[in-house]
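All of the numbers you see were taken from the coordinates with simple rules; none came from a lab. The model shown is predicted, which means the values in this text are computed figures rather than measured ones. Every residue, glycine as well, gets a Cβ built from its backbone with ideal geometry; the counts of neighbours run over all protein chains shown.
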Amino acid sequence: MINLELHHMPPPPIRRDWRIGAIGSGFIMRDVHLVAYRKLGLDIAAIAGKPVEQAREVAFARGIARVYESYAELIADPSLQVLDIAVPPDVQPQIIAEAARHAGHIRGILAQKPLAMNYRDAVAVVEACEKAGIVLAVNQNMRYDQSIRALKTLLDRGDLGEPVLATIEMRAIPHWQTWLRDYPGLTLAAMSIHHLDCFRFLFGDPEFAFASARTDPRTTFPHRDGIVLYILEYANGFRASSWDDVWTGPAREGAASDTYIKWRVEGTDGLAQGTIGWPAYPNAVPSTIRFATKRQPGVWFAPQWPEVWFPDAFQGTMGELLDSLTERRAPKIGGRENLGTIALVDACYRSLDEHRPVLIQEIIEGGKS
């Protein structure tokens, strides 16, 4: 019989008494991070954000006792042990650099994705934390979407056999934060990074990436990567591909809407497919999985759960950092490991610019300090 315990949620952290300081007071901190942490009973001791009035409002709403005027003041608080950072990626490295100068009491950092604006800058961030003895984790939270974790269990157990082909089809309209208007990249850096990281999480690192893109008719500010399609080539013949369509048709211009995210993995011994519930946010729609395997011929399995990506997956990312501190090991979402995801994003941008498949090693070699 097939085991339907697919570990769609990670266990709670071993210790929950780490004193955490939150940097950033926007939507993702207020309505996702802090909601997830409350469910775990974590100790969010302080917060800083811009403007400070917004940070005070978030502190009041989420029961945080201390509000600092600046992130530097928060980092300098000797009672804090862990930082949870949720700020735009162009300013994140300087905050982490400040934390590295206070390594005596700052033990761990959970940073947002992307870790930095490019591979070279991300390497510098990772090296600064390693030199300071700070454990750095990156909030690649789609790895903790419940359907992706369930899929990982199937792959690790061998229920699907050797992976042959994996695809993601995203037809969803994201909310572009205002700061993205000033960045050289859009969909690949802000949205596709989730899918690229999940392909790495599930199947390891590819050799080549090939990307193609066009602008999104709905997005009015200048951008080069609105609708993006890409293919990842693996040395063993496996292929992964995604269509990241942020247009989806004129769903906001009068036509009927058809938004969704679907994924599918075909293996030599089985097939799994599923959906991601995130496009329905703020409605709590769970992600799904449906799979078949030669180990029980002729049967489709479709286990279900009540948890959702936003906010429940964020219990996993912070919990993994805290457990790595408790157990004195590298986090599974560690900064050094995450460099492979940043390299993959940069490879896709190079592919767009040069209209060719890009060897991922090109980015890694070019980003060495």
- request: Give the shape of region 1-147 as rounded, prolate or oblate, defined through the alpha-carbon gyration tensor: a ≥ b ≥ c are the square roots of its eigenvalues, a/c under 1.5 means rounded, and otherwise the shape is prolate if a/b is larger than b/c and oblate if not.
  value: oblate
field: Among beta bridges that DSSP assigns inside the chain, antiparallel share in %, nearest 5
entry: 60
task: Add +1 for every Lys or Arg and -1 for every Asp or Glu among the other residues with Cβ under 11 Å from the Cβ of residue 336, and state the total.
output: -3
- prompt: Once every DSSP H run of n ≥ 4 in the chain is given -39500 (n - 2.57) and the sum is divided by its residues, what mean residue ellipticity at 222 nm do you get, rounded to the nearest 500 deg cm²/dmol?
  reply: -9000 deg cm²/dmol
- request: Measure out, as a whole number of angstrom, how far apart the alpha-carbon centroids of region 296-369 and region 142-196 sit.
  value: 9
query: For residue 52 and residue 178 in the same chain, what is the full-extension length gain: residue separation times 0.36 nm, less their Cα-Cα distance, in nm?
result: 43.5 nm
message: Order these by the 10 Å Cβ neighbour count, fewest first: 131, 113.
response: 131, 113
statement: Using alpha-carbon positions, the gyration tensor of region 81-186 gives root eigenvalues a ≥ b ≥ c; with a/c under 1.5 called rounded, otherwise prolate if a/b exceeds b/c, else oblate, the class is oblate
- line: Applied in sequence order to region 172-188, the curve 6.51 cos²θ - 1.76 cosθ + 1.60 (Karplus, θ = phi - 60°) yields integer Hz couplings, x standing for Gly and Pro, of 8, 10, x, 8, 7, 5, 4, 5, 5, 4, 9, 9, x, x, 10, 5, 4
task: Using Cα pairs closer than 8 Å and at least 6 residues apart in sequence, work out the relative contact order for region 263-350, in percent.
output: 17
statement: Violations at 26 Å Cα threshold for listed pairs 152/368; 50/113; 131/332 -> 152/368
- prompt: If you wrap a convex hull around the Cα atoms of region 272-311, how much volume per residue is inside, in Å³?
  reply: 63
Degrees between helix 52-62 axis and first principal axis of the chain (Cα, 0 to 90, nearest 10): 70
field: Label-point separation in nm, residue 27 to residue 359, each point 7 Å along Cα→Cβ
entry: 4.2
task: Note down the nm distance, to one decimal, between modelled labels 7 Å out along Cα→Cβ at residue 295 and at residue 5.
output: 1.4
task: Please find the FRET efficiency linking residue 60 to residue 328, where r is the Cβ-Cβ separation and R0 is fixed at 30 Å, and quote it to the nearest 0.05.
output: 0.25
message: Roughly how far apart, in whole Å, are the Cα centres of region 35-67 and region 107-130?
response: 24
Label-point gap, in nm, between residue 336 and residue 16 - each point 7 angstrom along Cα→Cβ: 3.1
query: Just the Cα atoms of region 1-55: what Rg and Dmax do they give in Å?
result: 15.5, 57
- line: Helix 314-327: inclination vs the chain longest Cα principal axis, degrees, rounded to 10, gives 70
field: Among 199, 314, 291, residue whose mean-square fluctuation peaks in a GNM of the chain (springs only between Cα atoms under 10 Å)
entry: 291
field: region 265-369, Cα convex hull volume normalised per residue, Å³
entry: 205
- line: Dividing the mean separation of Cα pairs under 8 Å (6+ apart) by the residue count of the chain yields a relative contact order in percent of 21
message: Compute the angle between helix 335-354 and the longest alpha-carbon principal axis of the chain, please, reported from 0 to 90 degrees and rounded to the nearest 10.
response: 60
message: Treating the chain as a set of equal point scatterers at the Cα positions, no solvent, please give the Debye-formula log₁₀ I(q)/I(0) at q = 0.08, 0.13, 0.14 Å⁻¹.
response: -0.40, -1.10, -1.27
- prompt: Ratio of region 180-327's C-alpha Rg to 2.2 N^0.38 Å, to two decimals?
  reply: 1.22
task: Count neighbours as other Cβ atoms within 10 Å of each site's Cβ, and list the GluC sites (Glu not before Pro) in region 140-238 that are DSSP loop with at most 15 such neighbours.
output: 207
- prompt: Under the classification rounded if a/c is under 1.5, otherwise prolate if a/b is larger than b/c and oblate if not, where does region 209-286 fall, given a ≥ b ≥ c as square roots of the Cα gyration tensor eigenvalues?
  reply: oblate
task: Would you please state which residues of region 274-300 a label at residue 256 would reach in this model, taking the label point 7 Å out along Cα→Cβ and a backbone N cut-off of under 14 Å?
output: none
- line: Which residues qualify? For residue 224, with a placed amide H closer than 5 Å and at least 5 residues away or on another chain, they are 186
